[in-house]
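A.B. asks: Before anything else, here's the structure in question.
Throughout, read-outs are computed from the coordinates displayed, never taken from laboratory work. Small disclaimer: the values here were computed from a predicted structure and weren't measured. FYI the Cβ positions are ideal-geometry reconstructions off the backbone, even for glycines, and counts take in every protein chain you see.
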Amino acid sequence: MNSAMTQQQDDIAGLMHDLGAQAQAAAHDLASASGEARSTALRAAADEIRRQTPALLAANGEDLAEADRRGLSGALLDRLALDEARIAAMADGLDAIAGFADPVGTVLAEWRRPNGLKIARVRVPIGVIGIIYESRPNVTADAGALCLKAGNAAILRGGSEAVRSNHAILACLKHGLATAGLPEAAIQLVPTQDRAAVGEMLRMTGLIDMIVPRGGRTLTERVQNESRVPVLAHLDGICHTYVDGAADPGKARAIVVNAKLRRPGICGATETLLVDRAVAASLLPAMVDDLVAQGCELRGDARARAIDGRLKEASQADWDTEYLDAVLAVRVVDGVAGAIDHIGRHSSHHTDAIITEDAAAAERFLAEVDSAIVMHNTSTQFADGGEFGMGAEIGISTGKLHARGPVGVEQLTTFKYVVRGDGQIRP
């Protein structure tokens, strides 16, 4: 390694260490700040986002133009794009988070021991949270706001394709912090796009308390493999919708189109459609009509293609692919047991849905599918913290430890035990 490269690495390590030290100091201040101060900061940031809508649109327009020159797909461009409605929703999300009850200091349980000791389990902030994400600039607002509400400092590392949008949103968040008299270092963006900064984040034990990756499988696997900091995992969204033999055809058709095509580039988009053999011949062609009419490419197994020749042949890899695009894999299965078996082998444990009017089949599916979110008679696109009433989310945790499903304010806290005595000594 030459001296110039060594110097560059040293510079990035120093830069990241400084960010971490500032975040640690800010986290200490936030932990002792009032819940009202944190809510005031969020409301002021929401108002500033509304005021700065033209500036946000201009910054995002530059990002979109650059992304288009780089040849990003239509689905990725949609993930990147802001418009007035999305900016308004971003601001509304901050207001919603501000209105939640303050989680910090909540007594989760308390009891008294026979020796007179009083013990309480109390919710506290995690500390400094590093979030590494791609494409969607609204994550800057969502992640910063959720961390702040929970009393945490945040170090955000967004994708290079959204750098201008992310900095414009960060300026609004910092305005909110300043308005409330809170440290601006409570929410920071990594100021370099050098990939070495990500590697440095993953080694910052003692300065970062938890890492949350939000992006594709490549990003998440890198973080999980390399991080020395605890990771709250968000794997890819290989989501399934199963249309049962007892499905209402009208519901099934509407839900399938929405689950796949409302926004195909989000992690809650359905990537595989499973159809019960009992209704495949009668219902699949109509669903194919709906999907093809909206520009969706379909890849099917042999049984599905025998029913409708418009489906391309699916490869084995298709059952394990998160397309994030207008592409859908289709398989005919033998009832709810066949659907559960397929999902067990191919799901990323994100979100899986059953469409049926058979209550017993629905309950079996909901009980036996081992995913963070299971649904009945609705679109997988509802797999979203905002839609769950959480205001926003940092991501959907597909692991089973600490948090599972949408990661909102409560999931960004931990707890400690507070023990009060009156001179007791242990015999």
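A.B. asks: Using Cα centres only, tell me the gap between region 38-57 and region 109-185 in whole Å.
C.D. replies: 16
A.B. asks: Taking the Cα atoms of the chain, report the difference between the largest and smallest coordinate on each principal axis, in whole Å and largest first.
C.D. replies: The principal-axis extents, from largest down, are 72, 64, 48 Å.
A.B. asks: For each of 388, 365, 382, count neighbouring Cβ atoms within 10 Å of the residue's Cβ, then give the residues from fewest to most. Don't skip to the end; give the middle numbers.
C.D. replies: Values: 388 14, 365 25, 382 17.
Lowest to highest Cβ neighbour count: 388, 382, 365.
A.B. asks: In addition: Using the basic label-point model (7 angstrom from Cα toward the beta carbon), what is the residue 55 to residue 310 distance in nanometres?
C.D. replies: It works out to 4.8 nm between the two label points.
A.B. asks: Separate question: Okay, helix-only estimate at 222 nm for the chain: each DSSP H run of n ≥ 4 adds -39500 (n - 2.57), divide by all residues, round to 500 deg cm²/dmol; what do you get? Display every interim value, and only then the final one.
C.D. replies: On the way: 14 runs with 189 residues, N = 427.
Counting only the DSSP helices, I get -14000 deg cm²/dmol.
A.B. asks: What percent antiparallel are the DSSP beta bridges of the chain, to the nearest 5? Walk me through the numbers before you get to the answer.
C.D. replies: Numbers: 15 of 53 bridges.
Percent antiparallel among DSSP bridges in the chain is about 30.
A.B. asks: Related question: Counting only GluC sites (Glu not before Pro) that are in a DSSP loop and have at most 16 other C-beta atoms within 10 Å, tell me the longest site-free stretch of the chain.
C.D. replies: 1-356
A.B. asks: Of 331, 113, 50, which has the largest mean-square fluctuation in a 10 Å C-alpha GNM of the chain?
C.D. replies: For the chain, modelled as a Gaussian network with Cα springs under 10 Å, the answer is 113.
A.B. asks: Here's another thing I want to ask about it. Need one number: nm distance between label points at residue 341 and residue 425, each 7 Å from Cα along Cα→Cβ, rounded to one decimal.
C.D. replies: Roughly 6.8 nm, to one decimal.
A.B. asks: Given a Förster distance of 41 Å, report the FRET efficiency between residue 277 and residue 221 from their Cβ-Cβ distance, rounded to the nearest 0.05. List each step's numbers first, then the result.
C.D. replies: Values: r = 35 Å, r/R0 = 0.86.
Calculated transfer efficiency: 0.70.
A.B. asks: For a quick check, take a GNM of the chain with Cα springs below 10 Å and name the residue from 330, 190, 407 with the largest mean-square fluctuation.
C.D. replies: 190
A.B. asks: OK, next. Let's test the formula: R0 of 22 Å, r as the Cβ-Cβ distance of residue 317 and residue 263. What FRET efficiency results, to the nearest 0.05? Display every interim value, and only then the final one.
C.D. replies: Details: r = 23 Å, r/R0 = 1.06.
With R0 = 22 Å, the Cβ-Cβ based efficiency is 0.40.
A.B. asks: Which order do 57, 412, 76, 94 fall in if you start with the one that has the fewest other Cβ atoms within 10 Å?
C.D. replies: Details: 57 17, 412 25, 76 20, 94 32.
So the ranking, lowest neighbour count to highest, is 57, 76, 412, 94.
A.B. asks: For the pair residue 416 and residue 160, what calculated FRET efficiency results from E = 1/(1 + (r/R0)^6), where r is the Cβ-Cβ distance and R0 = 35 Å, to the nearest 0.05?
C.D. replies: The formula returns an efficiency of 0.35 here.
A.B. asks: When only DSSP loop residues count, what trypsin sites (Lys or Arg not before Pro) in region 60-123 have their Cβ near at most 14 other Cβ atoms within 10 Å? Intermediate values should be presented prior to the final figure.
C.D. replies: Working: sites: 69, 70, 79, 86, 112, 118, 121, 123; in loops: 70.
Of the trypsin sites (Lys or Arg not before Pro), the ones in loops of region 60-123 whose Cβ has at most 14 other Cβ atoms within 10 Å are 70.
A.B. asks: Same structure, new question: Going by the alpha-carbon gyration tensor, a ≥ b ≥ c the square roots of its eigenvalues, is region 321-402 rounded (a/c under 1.5) or, if a/c is not under 1.5, prolate (a/b greater than b/c) versus oblate?
C.D. replies: Values: a/c = 1.62, a/b = 1.37, b/c = 1.18.
Prolate.
A.B. asks: So how do 345, 217 line up by other beta-carbon neighbours within 10 Å, fewest first?
C.D. replies: On the way: 345 9, 217 14.
Neighbour counts put them in this order, fewest first: 345, 217.
A.B. asks: Based on the alpha-carbon gyration tensor of region 239-382 and its eigenvalue square roots a ≥ b ≥ c, which shape applies: rounded if a/c is under 1.5, prolate if not and a/b is larger than b/c, or oblate?
C.D. replies: It comes out rounded by the Cα gyration axes.
A.B. asks: Here's a follow-up. Given a 10 angstrom Cα cut-off, can you work out which residue in 106, 414, 380 is the most mobile in a GNM of the chain?
C.D. replies: Evaluated over the chain, the most mobile residue of the options is 106.
A.B. asks: What shape does region 45-85 take by its C-alpha gyration tensor, where a ≥ b ≥ c are the square roots of the eigenvalues and a/c under 1.5 counts as rounded, a/b above b/c as prolate, and the rest as oblate?
C.D. replies: Working: a/c = 3.82, a/b = 2.23, b/c = 1.71.
Judged from the Cα gyration tensor, region 45-85 comes out prolate (a/c at least 1.5, a/b above b/c).
A.B. asks: Positive end of the charge dipole of region 239-382 (Lys, Arg +1 and Asp, Glu -1 on Cβ, about the Cα centre): tell me which of 311, 351, 372 has its Cα farthest that way.
C.D. replies: 311
A.B. asks: Moving to a separate point now. Whole angstrom only: what separates the Cα centroid of region 213-281 from the Cα centroid of region 324-392?
C.D. replies: The distance from the Cα centre of region 213-281 to that of region 324-392 comes to 8 Å.
A.B. asks: Can you compute the modelled spin-label distance between residue 118 and residue 84, with each label point 7 Å from Cα toward Cβ, in nm?
C.D. replies: Once both label points are built, they end up 5.5 nm from each other.
A.B. asks: Which of the trypsin sites (Lys or Arg not before Pro) found in region 359-427 are loop residues per DSSP with 13 or fewer other Cβ atoms within 10 Å of their Cβ?
C.D. replies: 400
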